[in-house]
Amino acid sequence: MGGMGSGGQNSRHRGTVEGWRRIDAAKMQKHGELAVGWFGRWTWTSDDGEENYIHLSGGHHSIRLSYRYRQNGGDWQDVSQTVHLDWSPRHFGGEQAYFLCPKCGSRRRYLVGAGARFLCQACHGLVHAASREGESDRVFRRMWKVKRKIGAELALGGLRGAKPKGMHRATHDRLMAELDGLERAALDDSYRMLMRLQARGGRRRWSRPDF
C-alpha cells in the first residue's frame, strides 16, 4: 500500500514543485470532494508504477487529510492534517475554493507534499522546474507533454497512433504539427550533443538520422 514518501519521486527535480505530489483545490471542488460529508481517496501513480494515495474527508470550511509518510526509506508514520478552505466569489457567479496554507496562511490552489505536511510551495522552498531548465529541457518537456496528450510513444520518433477518442480533429492536427517541430528540435539537440561527445573523446563520427 502506498503513502507519502513511499517512492517514485523525481530525484532530478526534488527542489521543484513538479518533483513532489500535490493536491488541487480546483479539481477537488470540480469533483465534489469539498462537499460536507465527502470521504474518499486522492491518488497518484508514481514514475515506477506504484499507486500512492491519501484519505480525504471533505467539508466546506476545512478538509482532513489522513495518510502514511516516511522519509528516505525510514519507518512509516501515520499523519492526520487539517487544511482550512477559503472561498472567493467568481465574476460570473458561484464561488472558487482555495486552500489556506497551514504554515503561512496564504491562499493557494495547490499544496505540495514535500514533507510530512502539505504546505504551499513557498513554505517548502520549491520552485517550478521551468525556472531551472535550459532551452533543450523545455523542448523535451513540451514534446513529452504533447505526446501524452495524443497517446504517442514517448521515445523520440516513436509511433503516434490514431487520434484519441473525443479530441477534435483541428486540435489533433495542431498538436501533430507542433510535435513535428518539437521532434526536429529535439533530434537536432541530440545530434549536437553527440558531436560534442565525439569531439571530446575522439569517437567515430555519427550521421544525423532523419524521420
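Annotations for the structure displayed:
- Gain in span if fully extended, A26 to A116, counting 0.36 nm per residue against the direct Cα distance: 30.1 nm
- Net length available on complete extension from S106 to A35 is 23.4 nm, with 0.36 nm assigned per residue and the Cα-Cα distance removed.
- Per-residue 3J(HN,Hα) values for the stretch 171-176, derived from phi via the Karplus relation 6.51 cos²θ - 1.76 cosθ + 1.60 with θ = phi - 60°, read 5, 4, 4, 5, 5, 5 Hz in sequence order (x marks Gly and Pro).
- For the stretch 147-159, 3J(HN,Hα) per residue [Karplus equation, 6.51 cos²θ - 1.76 cosθ + 1.60, θ = phi - 60°, Hz, x = Gly/Pro]: 4, 5, 4, 9, x, 8, 4, 6, 4, 4, x, x, 4
- Simple spin-label estimate for D86 and E51 gives 3.5 nm between the two label positions (7 Å along the Cα-to-Cβ direction from each Cα).
- Using θ = phi - 60° and Karplus 6.51 cos²θ - 1.76 cosθ + 1.60, couplings along the stretch 184-195 (whole Hz; Gly, Pro as x): 5, 5, 5, 5, 4, 5, 5, 5, 4, 5, 5, 5
- Here's how it looks for Q96: its modeled amide H is under 5 Å from those of S88, R90, which are all 5 or more places away or on a different chain.
- Across the stretch 133-201, Cα-Cα pairs more than 14 Å apart make up 61 percent of the total.
- Residues with amide H under 5 Å from that of R22, placed H, sequence gap 5 or more: G113
- Amide hydrogen neighbours beyond the local backbone of Q77, cut-off 5 Å, H modeled: Y69, R70
- Cα radius of gyration and Dmax for the stretch 11-124 (Å): 14.4, 49
Rule-based calculations on the coordinates, nothing more; no lab input. Treat the numbers as computed from the prediction; the structure is a model and nothing was measured. Virtual Cβ from ideal backbone geometry, glycine too; neighbours counted across all protein chains shown.
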